[in-house]
Amino acid sequence: MRFDSEEIALLGLAAMAWREGSLNAESRRALVKLRALGISADEPVLGYAPRLRLRDAAFEPLTQAIDRHQVVRFDYLKPGEERARTREVIPLALVQYDGRWHLSAEELATGEGKTFLLRRIVGKVTVGKAAPPRLGDHTARSLAELEAVWERGIADIEVRAGSDAALRLAHRRGTEEVAPGILRVHYVDLAILADELAGFGPEVLVVSPPALREAVIERLERTVADHG
């Protein structure tokens, strides 16, 4: 495979973007390989390299546990619960879906498949004993499962014309206008969507489902109680 100088520049830009976690080490190795090709890159392009951060502290230990086929233990705080619950699982794959990292895993006690949102892992990930490798394309399966959840998750939102909410929600993947001023959106996680909608304040009104409407109202009432 051969690359011209412009392609080398773009590949270098992608490698330079990562600055955290295991991907940082991978990006450094990629840059060494690119430089070894001996093709000069377009320096002005590389001057605009962004920096991407993983944000989730659990990412690196989970990546290592997947590579080494090890059991992990962590505390996980689900929406609506006041206390985190300890989970012991066999991690299978880390996937990014809708801009968020998810862990596909097998619950050690039951053998059931589970999906965890990394942002809800609280505290330290503890790595334990080795587990027999689980065969199969866990990444593809996890993405397919998340896509199926996204397909089923449907909400109808009334938006104020010309508002920031109308603009942002209209540009979400899969959004369609089902009636004047009513947008139908898809979602994977009801709690995350409720957080987003509550941030729009009076610009949105949840038509359905009732659980989402109640979740948004609860967030708005909590904001009033906290700030008066």
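Among the residues of the stretch 148-170, those that are in a loop (DSSP other than H, G, I, E, B) and in contact (Cβ under 8 Å) with a residue 24 or more places away in the chain comprise GLY153, ARG160, SER163. All but one of (1) touching a residue at least 24 places away in the same chain (Cβ under 8 Å); (2) open to solvent by 80 Å² or more (accessible area, probe 1.4 Å); (3) part of a strand (DSSP E or B) hold for GLU145; state the number of the condition that does not hold. Only one criterion in (1) touching a residue at least 24 places away in the same chain (Cβ under 8 Å); (2) open to solvent by 80 Å² or more (accessible area, probe 1.4 Å); (3) part of a strand (DSSP E or B) is unmet by GLU145, namely (3). Among the residues of the stretch 162-170, none qualifies, meaning not one is in contact with a Phe, Trp or Tyr (Cβ under 6 Å, 6 or more places away or on another chain), under 27 Å from SER104 (Cβ atoms) and buried (at least 17 other Cβ atoms within 10 Å of the Cβ). Scoring VAL122 on the criteria (1) open to solvent by 60 Å² or more (accessible area, probe 1.4 Å); (2) in contact (Cβ under 8 Å) with a residue 40 or more places away in the chain; (3) of a type in the set (A, V, I, L, M, F, W, C) leaves a single failure, condition (1).
Does VAL149 satisfy the condition of being at pLDDT 95 or above and touching an Asp or Glu at 6+ places or on another chain (Cβ under 7 Å)? No.
Residue-level analysis places ALA131 among those that are closer than 30 Å to PHE74 by Cβ, touching a residue at least 60 places away in the same chain (Cβ under 8 Å), touching a strand residue (DSSP E or B) at 6+ places or on another chain (Cβ under 7 Å) and open to solvent by less than 20 Å² (accessible area, probe 1.4 Å). Which one is surrounded by the most Cβ atoms within 10 Å (Cβ to Cβ), of the residues in the stretch 171-207 that are outside any helix (DSSP H, G or I) and of a type in the set (D, E, K, R)? This residue is ASP189.
Can you pull out the residues in the stretch 59-86 that are assigned to a loop (DSSP other than H, G, I, E, B) and of a type outside the set (Lys, Arg)? Once the filter is applied, which keeps residues that are assigned to a loop (DSSP other than H, G, I, E, B) and of a type outside the set (Lys, Arg), the stretch 59-86 yields HIS69, LEU77, PRO79, GLY80, GLU81, GLU82, ALA84.
The values are calculated or read from the model by the stated rules, or taken from the named source; none is laboratory data. Quantities reported herein were computed from a predicted structural model and do not represent experimental measurements. Every residue, glycine as well, gets a Cβ built from its backbone with ideal geometry; the counts of neighbours run over all protein chains shown. For accessibility, only protein heavy atoms count, side chains too; no ligands or nucleic acids. Shrake-Rupley method; radii C 1.70, N 1.55, O 1.52, S 1.80 Å.
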